[in-house]
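Novice: Below are the structure tokens for one structure; questions will follow.
Here, each number is a calculation from the coordinates, and none is a lab measurement. Computed from a predicted model, the values in this text were never measured in an experiment. Backbone-built Cβ (ideal geometry, glycine too); neighbour counts: all protein chains shown.
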Amino acid sequence: MRYIRHLGLWIVLVVLCLNTWSSPVPMVQSASPSVFGANTHIAASYPFPDSLNRPANVIAQSGMGWVREEFQWGRIEPRPGQFDWTFTDRAVNELVKRGITIVGLLNPAVGWGTPDPADDYIPPEQGSFYPPDPQLFANFAATVVNRYKDRVRYWQVWNEPDNPVYWRPSPNPAAYAALLRAVYPAIKGADPGATVLAAGIVSPEPAGSFLQAIADNGAWGSFDVIALHPYTDPLGPEAGSIDTVGIGAIQTLAARLGPKPIWVTEFGWADSPTDRTGEQSIDPETQANYLIRAMAMLRQAGVERVIMYRFKDMQLRNGVPYNAYGLLRYGSGQADYSQFKPAFNAFRTLNQQVGGRQPLGLRRLSDERIAFDFERAIAWQTFPPGNGSIAQSSGQTHSGSGAVEVRYRFTTGGNDYVSFTPREAITFPAGTSQIGLWVYGDGSSFDLKVQLRDTQGEILQYRLGKIGPSGWQQLVTAITGPVEPGNQIRFVNGRLDGDITLQAIVIDDDPDSRTGEGVVYLDDLIGYSGPEAYAARFAADRGVVEVVWAVDNGQVRIPSADSEVTIVDRDGGERRQTAAGGILTLDVGPRPIYLIYQPGTASVQPPSQPSTGSGFVPSNGAFADDAMRNVWQRTDQPVAGGAPGLRPRSWIWGPQPISGAMREPYAQSPGGSRLVQYFDKSRMEINNPNAPRDQWYVTNGLLVVEMLTGRIQLGDTQFEDRTPATEAVAGDPASVNPNAPTYATLRSVAFPVNPARAPDRNGQVVTAFLNRDGTVVDRPDLARYDVRIGSYEATLGHNIPQVFLDYFAQQGVVLENGRYVTRQIIDWIFVMGLPISEPYWARVKVGGVEKDVLMQAFERRVLTYTPDNDPNWRVEMGNVGQHYVRWRYGP
């Protein structure tokens, strides 16, 4: 665990209660293993190895997909070369056979393994947090990994080296970097497919500084995953350091140093006094609410795995619970797994409803009002003048044709900042609860802040967040809570009363020692009122599942295409509620609920206009054009809406747009730009709005060709050169999917980089295997799947497997003229384009589990065939749209 100071906005969710809970209806359960987990530590704390199946059973009942287990050096190797595997063997076996994935924490040192002479007298089972000899620790790690490599593939090197409790006598990033440089090759040598996590460190600070120091000491390449511990207790998740303030800051840092996935391996709230909070504590109901809201927020912020601390309370002080972060109470002792807190049922429901589902974004349900749209030039006062400038610009715009270009220059290595005060009043009405500003970043990760003045003349400063990488991002902060003394510019009573006026926009260095200069753009300053309410949206087989809540009680209105919506309570109870006139009116509060429904295509607020800038525009759920909606409705509305007689099948586009309306440059389109909108599986385009509205009025781009060639098409003959995409073609992200081919891999086997034609292999079994390095080998053992070539496409000269042809020819329910009818689902040339590679097998991680997957690249899409999947889901479209957005616009 690690202390974290209050830093601003933690985005959040809201919920519930209307009507009476009725008889249960079928739950929409998450089909994939949950990405949520807990620190279980049964190998280190459960006292009886022969009955470790008992805690493992309770762990499995929670529905979690991941656990963090400690592999303690002193318990395993109490004396050099003397090993005791009793507890770890039994714990690993019990968890793995229940389908739970283990993150093995290698920690702490054994006394004889550190350079500190005093540690020679420490009992081995006690352990030492003095940094170990790197080579001795690497040898231990290699021994452990070699023993468990068939069951444990994820290993974390140490715990919180930024914490003086766990790295004595004081944190030393250079020493920890040396440990990583020694241990990483040892783990990879024992298991080349292992994934190595850096030690969990506090976010965002000192995590950012500590991670930077790791990189400065040559260890950025010595781990695969960033691990964070974003504790904010006793503050709630909305007041802490998740999303734009915390996770966003680490994402920006990682984009600069070299992108890596972010996992959370500890965080939580205790219903007892703690080392972190003293005598402050929260009640068990609040603990349950905070955990669910935080986990949903972390997923929407881009965290891939979320592991809370901890499963069971394990400490008493003077006979009463202490550090009680668990889902279960201490009870009668360390072996008592019978006393459940409210957080256990809440956690189980979270795993059931959204545990394995794809996050689709966090929506604010508050009312919004643009305070200033930057469409016209106004005068600003800059202070200090030498540190920056601000000017009207159309170089990048989020909406409309105007924004401001902000330049900053920090040179002293001290506390540098620059503030911009408007010469005319920009006001927010009384009751404004949050402030948002759209920012086109430069990757600096400097702080962006706002100073606000109330009717009493009080001026308070709030941090919006870190300036992110290139592309538009909205930074938002709540302004209803207290601020630290250093942010009380002019103090009256510590809160904003009445109407609020923008005093200044500030860019501030952080930490003070950093220097640098850059250019960012600002647009659309927005105030939010009403309840501070949120909806964390996840993909579902039909429609979406949203986790909804509010910080305080209030009422929200949500558009729904369903006349009735299923609502699941935090603890799993279910009811139905009518959406009158296509609008669901909900009373919401701190206790989260789950909405299972098809979102309405009409928004309570009008859809935004297409962006004229070159940045990515997040989705607001609205379609960019009616023609695009019609294309989606024909194929995917039946999937989303559960049409009568529909056999389950995969998405052609995805459950909804993943971007708003955007304009991208295209030389031959009117005005030099075309209307586009992104979906999970592809991009829709309208190149000429005046063209006949036939089948080709809306097209989908040659995204696969662009990513493998590294050439973004800006016109019929105009291109922008980029590095080919290193996104994994299928499955988990490339950074944790070491064997999966990437789009760059396809260059060696796919047109147009490799224009070689394949011979006609009609009827032959597919056994070609594509390695990540682009080499192709024959794997006769793959003939067991009996996938045969069904046709030869002669245009570019490539074979198509019969499983894909059957998918193309599939008859199913489509929507035509408002009626569900049975038709061929897709015109495959329109949707896919021509095949540009042969079909290849690959070894791909999906949800952390490696599988044999057949893949083939087409001009517009990628098709995959996974024999282990349910028959209705064996053939799927790859998430080409998601991959392309990350490649072109950044994470």
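Novice: For Gln764 paired with Tyr792, estimate the spin-label separation in nm (one decimal), with each label point 7 Å from Cα along the Cα-to-Cβ line.
Specialist: For the pair Gln764/Tyr792, the computed spacing is 1.0 nm.
Novice: Arranged from highest to lowest average of other beta-carbon atoms within 10 Å per residue, in what order do the peptides 674-685, 869-880, 728-739 appear? Display every interim value, and only then the final one.
Specialist: Values: 674-685: 24.3, 869-880: 17.9, 728-739: 22.1.
Peptide ranking by packing, descending: 674-685, 728-739, 869-880.
Novice: Just the Cα atoms of the stretch 626-889, one point each, no solvent: what log10 I(q)/I(0) does Debye give at q = 0.09, 0.10, 0.15, 0.16 Å⁻¹?
Specialist: Values, matching the q order: -0.40, -0.50, -1.15, -1.31.
Novice: Next up: Projecting each Cα onto the charge dipole of the chain (Lys/Arg +1, Asp/Glu -1 at the beta carbon, about the Cα centre), which of Met308, Phe223, Ser563 comes out farthest on the positive side?
Specialist: Of the options given, the answer is Ser563.
Novice: What's the magnitude of the charge dipole for the stretch 36-173 around its Cα centre, counting Lys and Arg as +1 and Asp and Glu as -1 at the beta-carbon? Answer in Debye, nearest 20. It would help to have the intermediate numbers written out before the result.
Specialist: Working: 12 positive and 15 negative charges, 125 e Å.
Rounded to the nearest 20 debye, it is 600 debye.
Novice: Provide the gained length on full extension for the span Asn53 to Phe719, in nm with one decimal, where the gain is 0.36 nm per separating residue minus the Cα-Cα distance.
Specialist: On the way: separation 666, 0.36 × 666 = 239.76 nm, distance 5.99 nm.
Difference between extended and current length: 233.8 nm.
Novice: Also, quick follow-up: If we sort 288-297, 778-787 on the protection proxy, mean other Cβ atoms within 10 Å, highest first, what's the order? List each step's numbers first, then the result.
Specialist: On the way: 288-297: 28.0, 778-787: 13.3.
Put in order of decreasing packing, that is 288-297, 778-787.
Novice: May I pose another question? Looking at the calculated P(r) for the stretch 643-786, what percent of the C-alpha pair distances fall above 21 Å? Kindly include the intermediate steps, with their values, before the conclusion.
Specialist: Details: 6201 of 10296 pairs.
Cα-Cα pairs of the stretch 643-786 separated by over 21 Å account for 60 percent.
Novice: Now for a different question. I want the antiparallel fraction of DSSP beta bridges within the stretch 36-358, as a percent rounded to 5.
Specialist: Looking only at bridges with both residues in the stretch 36-358, the antiparallel portion is about 20 percent.
Novice: Fewest Cβ neighbours within 10 Å first, please rank Lys851, Lys466, Lys260 accordingly.
Specialist: Numbers: Lys851 16, Lys466 28, Lys260 22.
The most exposed by this proxy come first: Lys851, Lys260, Lys466.
Novice: Stokes-Einstein D for the stretch 367-529 at 37 °C, 0.692 mPa s, Kirkwood Rh over Cα pairs, in µm²/s?
Specialist: Details: Rh = 15.9 Å.
After rounding, the answer is 207 µm²/s.
Novice: Shifting gears a bit: Let me know the Kirkwood hydrodynamic radius for the stretch 295-381, please, with Cα pairs as the basis and the value in Å to one decimal.
Specialist: Working: mean 1/r = 0.0588 Å⁻¹.
So the Kirkwood estimate lands at 17.0 Å.
Novice: When the convex hull of the C-alpha atoms of the stretch 275-333 is computed, what volume per residue in Å³ does it have?
Specialist: Values: hull volume 5.5 nm³, N = 59.
It is 94 Å³ per residue.
Novice: Based on alpha-carbon positions alone, could you give the equivalent ellipsoid semi-axes of the stretch 331-414 from the gyration tensor, as √(5λ), descending, whole Å? Mind dumping the intermediate values first?
Specialist: Details: eigenvalues 519, 102, 31 Å².
Values for the stretch 331-414, descending: 51, 23, 12 Å.
Novice: Could you sort out which of Lys97/Lys260; Lys681/Lys851; Lys188/Lys681; Lys149/Lys341; Lys97/Lys681 sit more than 23 Å apart by Cα distance in this structure? Working shown, then result.
Specialist: On the way: Lys97/Lys260 30 Å; Lys681/Lys851 21 Å; Lys188/Lys681 34 Å; Lys149/Lys341 35 Å; Lys97/Lys681 34 Å.
As for pairs spanning more than 23 Å Cα to Cα, those are Lys97/Lys260; Lys188/Lys681; Lys149/Lys341; Lys97/Lys681.
Novice: Another question, if that's okay. In whole Hz, what ³J(HN,Hα) sequence does the stretch 136-151 give by Karplus (6.51, -1.76, 1.60; θ = phi - 60°), x for Gly and Pro?
Specialist: Karplus values, whole Hz, x for Gly and Pro: 5, 5, 5, 5, 4, 4, 4, 5, 5, 4, 4, 5, 10, 5, 7, 10.
Novice: Points 7 angstrom from Cα along the Cβ direction at Phe383 and Ser529: gap in nanometres?
Specialist: Roughly 3.0 nm, to one decimal.
Novice: Across the Cα atoms of the stretch 36-358, what radius of gyration and what greatest pairwise Cα-Cα distance (Dmax) are found, in Å?
Specialist: 18.6, 52
Novice: Moving on. Restricting to DSSP loop positions (anything but H, G, I, E, B) with no more than 12 other Cβ atoms inside 10 Å of their own Cβ, which GluC sites (Glu not before Pro) remain in the stretch 718-813? Write out the running numbers ahead of the final one.
Specialist: On the way: sites: Glu720, Glu727, Glu793; in loops: Glu727.
Passing both the DSSP loop test and the Cβ count: no residue.
Novice: To the nearest 20 debye, what is the magnitude of the charge dipole of the chain about its Cα centre, counting +1 on the Cβ of each Lys and Arg and -1 on the Cβ of each Asp and Glu?
Specialist: With only Lys, Arg, Asp and Glu charged at Cβ, the dipole is about 1380 debye.
Novice: Multiply the residue separation of Arg874 and Ala756 by 0.36 nm, subtract the distance between their alpha-carbon atoms, and state the gained length in nm to one decimal. Walk me through the numbers on the way to the answer.
Specialist: Values: separation 118, 0.36 × 118 = 42.48 nm, distance 2.89 nm.
Gain on extension, Arg874 to Ala756, equals 39.6 nm.
Novice: For the chain, what is the percent of antiparallel DSSP beta bridges, rounded to the nearest 5? Numbers along the way, then the final one.
Specialist: Details: 144 of 173 bridges.
If we restrict to bridges inside the chain, about 85 percent are antiparallel.
Novice: Mind checking which of Ala728, Pro759, Val885 is farthest towards the positive end of the stretch 626-889's charge dipole, using Cβ charges of +1 (Lys, Arg) and -1 (Asp, Glu) about the Cα centre?
Specialist: With unit charges placed on the Cβ atoms, the residue in question is Val885.
Novice: Filter the GluC sites (Glu not before Pro) in the stretch 386-468 down to the DSSP loop ones having no more than 11 other Cβ atoms within 10 Å, then list what survives. Please report the intermediate quantities before stating the final value.
Specialist: Working: sites: Glu405, Glu424, Glu458; in loops: Glu424, Glu458.
Filter output for the stretch 386-468: Glu424.
Novice: Residues in the stretch 429-453 near a label at Asp552, defined as backbone nitrogen under 17 Å from the 7 Å Cα→Cβ point?
Specialist: From the stretch 429-453, the list is 429-435.
Novice: Arranged by the count of other C-beta atoms within 10 angstrom, fewest first, what order do Ile122, Ile526 take? Don't jump to the answer; show the numbers that get you there.
Specialist: Working: Ile122 18, Ile526 21.
Least to most surrounded, the residues fall as Ile122, Ile526.
Novice: Computed from the coordinates I sent, volume of the Cα convex hull per residue in Å³ equals one of (1) 157; (2) 219; (3) 171. Tell me the label.
Specialist: Read-out taken from this structure: (3).
Novice: Counting other beta carbons within 10 Å of each residue's own, what order do Ser791, Ser401 fall into, fewest first?
Specialist: Working: Ser791 16, Ser401 10.
In order of increasing Cβ crowding within 10 Å: Ser401, Ser791.
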